[in-house]
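Read through the structure below, which is laid out as structure tokens, and then see the notes.
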Amino acid sequence: MKMGNLVYFARRYLPLVAVVGGLAGAFVYAAGGFGSGRVTTQQFVDLQQGNKVHEGFRRAHAKGFCIAGEFVSDGALEPYTTALVFSKRTTPFTGRFSIAGNDPTAPDLKAPVRSLALSIAVDPQNVWRTAMNTPPVMAVRNPEDFYQQLSALAPDQETGKRDPKKIQQFFAAHPESRAFTRWASEYRASDSLATETYHSINAFYLKDSAGQRRAVRWEARPGKTEEEDHGVTTGEGSNVLHDEFFRRLASGPVTFDLVFTLAEEEDDESDPTQPWPAARQQLVAGKVVITDASPQVNGSCNAINFDPLVLPPGMAATDDRILRARSAAYAESYRRRAFEHWKIETLKFNGEESADE
Ligand code: HEM
């Protein structure tokens, strides 16, 4: 690397490197497998990115855009957690809407899953990151089975088509997927990212000042449901959800309630396939108020790894093994795209056309 490049790299990417440094734990994990040694983080991310790598983009949920606004906490969680973000205060956030898949140009309406990610920082020691999806549960309860699920769903390399028999066999062999498949058969995608509900799926602990912990899941519930919402104009083209959201935001903030469900003793917080009974106590922790949206390329959310294990004091991970696998895979995906960004920027800086020159 030329000296000029080194200086340029340091200036441009030190913030990214700092974030990665903060995730050292995730990298240690990424170096190994997911516990049984059967699937490594690299294999996982290789499978997710597929044959055609979209350089500089996330290896999953590649298509998306950045958002920003405020989280207005009303203090309802204060008895359960010392996390400052849940005291009565307003904290700015950076976030991202996305759709599942590895193609940053995919048509918005083809994706089976939509997502909302938030990074809420009271200060550098008190950061909470969450990446939420539309399904309330997962189909499987461990990383190895998730790898098998992704393999069963992957299109055939020659035909480019999925094999329905393979998919059927996978779900038949995994009865724990029933809550997920029931949800999938009843789910009707809405016409707007603003009127979906997004779930944490995995459970976490809230920790109070006496060190007592309580398992919770959370969801972002739209301020307006689709029935209440009369402003949606669907539009056309492969970016309809993106376009609709930007149009909507031009006439005022989009809000979500952050609703926490408290587990009882008999609920298994390590199993993301099982919904908890509907009667469980729920608390509205506050409002997510989205005021800005911008493209992801060079956007404020691009250098953020929405690692679910970035938790502030007052919150902790459960033993759900999917959480560790996620953390490691997000770090590996981040490492790949950060390197590609550096490569692309360095070529531009040197006025070079291609890496081979
Ligand atoms: C073993 C299970 C999982 C694996 C291996 C996995 C892997 C990944 C990877 C590699 C990325 C790209 C990360 C980046 O470059 O920043 C990603 C993004 C994402 N994942 Fe997962 N994921 C898993 C489970 C889940 C679950 C259960 C949820 C929902 C609760 C979820 C929600 C998301 C979201 C919302 C994003 C996009 C975040 C953003 O906007 O940057 N994932 N996932």
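Classify region 228-357 from the C-alpha gyration tensor, please: rounded if a/c falls under 1.5, else prolate or oblate depending on whether a/b exceeds b/c. Taking the square roots of the gyration eigenvalues as a ≥ b ≥ c, region 228-357 is oblate.
Each principal axis of the chain carries a Cα extent, and these read 64, 50, 46 Å when sorted largest first. Between the amide H of residue 126 and any residue lying 5 or more places away or on another chain, no distance stays under 5 Å, with hydrogens modeled in the peptide plane. Placing unit charges on the Cβ atoms only, positive for Lys and Arg and negative for Asp and Glu, gives region 63-320 a dipole magnitude near 300 debye about its Cα centre. Each label was represented as a point 7 Å from its Cα along the Cα-to-Cβ direction; for residue 227 and residue 72 these points are 2.5 nm apart.
About its Cα centre, how strong a charge dipole does region 240-353 have in debye, to the nearest 20, once Lys and Arg get +1 and Asp and Glu get -1 at the Cβ?
580 debye
Per residue, region 63-320 exposes 46 Å² of accessible surface when a 1.4 Å probe is rolled over the protein heavy atoms with every protein chain present. With the charge dipole of the chain set up from +1 on Lys and Arg Cβ and -1 on Asp and Glu Cβ about the Cα centre, the Cα lying farthest toward the positive end among the listed residues 263, 305, 139 is that of 305. Under 18 Å from a point placed 7 Å out from the Cα of residue 236 along the Cα-to-Cβ direction: which residues of region 101-124 have their backbone N that close? The answer is 107-110.
Simple spin-label estimate for residue 212 and residue 167 gives 4.6 nm between the two label positions (7 Å along the Cα-to-Cβ direction from each Cα).
Here the contact order of the chain, divided by its residue count and restricted to Cα pairs under 8 Å and six or more residues apart, works out to 24 percent. In terms of distances greater than 25 angstrom between alpha carbons, the cross-link table entries 63/165; 110/166; 63/161; 52/110 yield 63/165. Considering only 214, 182, 326, the mean-square fluctuation computed in a Gaussian network model of the chain, springs between alpha carbons under 10 angstrom, is largest for 182. For region 59-127, a crude dipole built from +1 on the beta carbon of Lys and Arg and -1 on the beta carbon of Asp and Glu, taken about the Cα centre, is about 260 debye to the nearest 20.
Taking the alpha-carbon distance from residue 88 and a cut-off under 20 Å, which aspartates and glutamates remain once sequence neighbours fewer than 8 residues away in the same chain are dropped? List returned: 70, 74, 78, 123, 208, 219, 257. Of the GluC sites (Glu not before Pro) in region 249-302, the ones in a loop by DSSP (not H, G, I, E or B) with at most 13 other beta carbons within 10 Å are 264, 265, 266. Placing a pseudo-label 7 Å from each Cα along the Cα-to-Cβ vector at residue 182 and residue 281 gives an inter-label distance of 2.6 nm.
The values are calculated or read from the model by the stated rules, or taken from the named source; none is laboratory data. Just so you know, these numbers come straight off a predicted model, no measurement behind them. Don't worry about glycine lacking a Cβ; one is built from the backbone with ideal geometry, like all the others, and counts go over all protein chains shown. Calculation scope for accessible area: heavy atoms of the full protein, side chains included, ligands and nucleic acids excluded. Shrake-Rupley method; radii C 1.70, N 1.55, O 1.52, S 1.80 Å.
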